[in-house]
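Engineer: Sharing a structure, written as structure tokens. Questions coming.
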Amino acid sequence: MTKDNPAYSFSMQVSYGKYLEFAAATGFKPKPEKDHPVVPPTFLATAEAWLPPGAWPAGEILGFDLKRSLHGEQEFTYIKPVRVGDRLNGRIWLESTFSKAGSRGGEMRFSIWVTDFDDENGNSVAQSKMTIIETGSGK
Amino acid sequence: MNPSDSQAIATREFGPISRTDIVRYQGASGDLNPIHHDVEFAKSAGFDDVFVVGMLIAGYLATFASDLVGVESITNFKIRFQAQTWPGDLITCSAKTIMQPDKSGPLVHVTLELTAKNQNGAIAATAYADAEIPKDSSFLSSK
């Protein structure tokens, strides 16, 4: 899988309703809709809501067991601010995988998933990078 | 401010985190991994209870950072999850500035190091937020 052959492609509306819902969940003080406010730094996590229900590329593509998987790291980089009212096109792709011996036995598998977000003109707006770890089975 | 100026500049508490808080975040984000709200599923995975979705802690730290330097100014936010957080935990967020602001341009680059600890002092997550803030920002004048 590459950037040009993503696991999922989706189109995402940055709606004021989702902004309010996310703000309420994270203690963020929302601004009025007329200001086209900039979304909070982790708002692009809501991209998941635009995927088919139950979509989980680490399971579908790498066979990771959900019960043994952890979210290790997460990064969001903004080339320009994302605002309420924006429409973004996203692509999720697998950047890399590697393994380490687990401390409790078995093999720990690491996977790094990138989501690129473009505006409607195809310009890069933001990038998300997520590390998913499958812990060893010998616990 | 100088590079050795690394004491906490602010703290903020979130929680105690309820099961409702977890569900509200999961509904908002679209990450409906049952390990964070379905006790039977969590037990079948070897846990005693559901645990808090890490991205909720990320969201708290991001809110905290946004309130410090302004949401418009943050260009990068990166978090590493270090320990699980459980329902009922009280999270205390603290922030340090870890780079000397360069005041030569119209915008000043600041990196915040953000830590989320539970009520026992264990670190749940560490995050870094890069921000480009205007020279006249109240964040800088308060230093």
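Engineer: From the residues in the range A:20-40 that are closer than 16 Å to A:P81 by Cβ, facing chain B (nearest Cβ under 10 Å) and in contact with a Lys or Arg (Cβ under 9 Å, 6 or more places away or on another chain), which one is surrounded by the most Cβ atoms within 10 Å (Cβ to Cβ)?
Structural biologist: Ranking the qualifying residues of the range A:20-40, first place goes to A:V39.
Engineer: Moving on. Any residue in the range B:64-86 that is more than 28 Å from B:F51 (Cα to Cα) and more than 7 Å from every other protein chain (Cβ to nearest Cβ) sitting within a Cβ distance under 6 Å of a residue that is of a type in the set (D, E) and surrounded by fewer than 23 Cβ atoms within 10 Å (Cβ to Cβ)? List the pairs, counting only those 6 or more apart or interchain.
Structural biologist: B:S73/B:E132
Engineer: When residues of the range A:104-139 are filtered for being polar (S, T, N, Q) and open to solvent by less than 50 Å² (accessible area, probe 1.4 Å), how many remain? Before the answer, list the steps.
Structural biologist: The first filter runs over the range A:104-139 and keeps only residues polar (S, T, N, Q), leaving A:111, A:115, A:121, A:123-124, A:127-128, A:131, A:135, A:137.
After this cut, where a residue has to be open to solvent by less than 50 Å² (accessible area, probe 1.4 Å) as well, the list is A:111, A:115, A:128, A:131, A:135.
Counting residues in the range A:104-139 that are polar (S, T, N, Q) and open to solvent by less than 50 Å² (accessible area, probe 1.4 Å) gives 5.
Engineer: I've got another one for you. Could you tell me which residue of the range B:10-30 is nearest to the other protein chains (Cβ to nearest Cβ), considering only residues that are part of a strand (DSSP E or B) and under 15 Å from B:T85 (Cβ atoms)?
Structural biologist: Looking only at the range B:10-30, we keep the residues that are part of a strand (DSSP E or B), and these are B:10-14.
This time we only want the ones that are under 15 Å from B:T85 (Cβ atoms), so: B:13-14.
On the way: B:E13: 10, B:F14: 6 Å.
Out of the qualifying residues, it is B:F14.
Engineer: So, one more: Tell me which residues, restricted to the range A:85-119, are modelled with pLDDT under 95, at negative phi and assigned to a loop (DSSP other than H, G, I, E, B).
Structural biologist: A:G102, A:S103, A:R104, listed by residue number.
Engineer: Take the residues of the range A:46-61 that are farther than 15 Å from A:D86 by Cβ and in contact (Cβ under 8 Å) with a residue 60 or more places away in the chain: which is farthest from the other protein chains (Cβ to nearest Cβ)?
Structural biologist: Per the criteria, the residue is A:I61.
Engineer: Could you grab me the full set of residues in the range A:71-98 that are of a type outside the set (D, E) and facing chain B (nearest Cβ under 7 Å)?
Structural biologist: In the first step, residues of the range A:71-98 are kept if they are of a type outside the set (D, E); the result is A:71-72, A:74, A:76-85, A:87-94, A:96-98.
Scanning the range A:71-98 gives A:H71, A:G72, A:Q74, A:F76, A:T77, A:Y78, A:P81.
The values are calculated or read from the model by the stated rules, or taken from the named source; none is laboratory data. A quick note: this is a predicted structure, and the numbers were derived from the prediction, not measured. Heads up, the Cβs are rebuilt from the backbone with ideal geometry, glycines too, and the neighbour counts pull from every protein chain shown. With ligands, DNA and RNA removed, areas are computed over all heavy atoms of the protein, side chains included. Shrake-Rupley method; radii C 1.70, N 1.55, O 1.52, S 1.80 Å.
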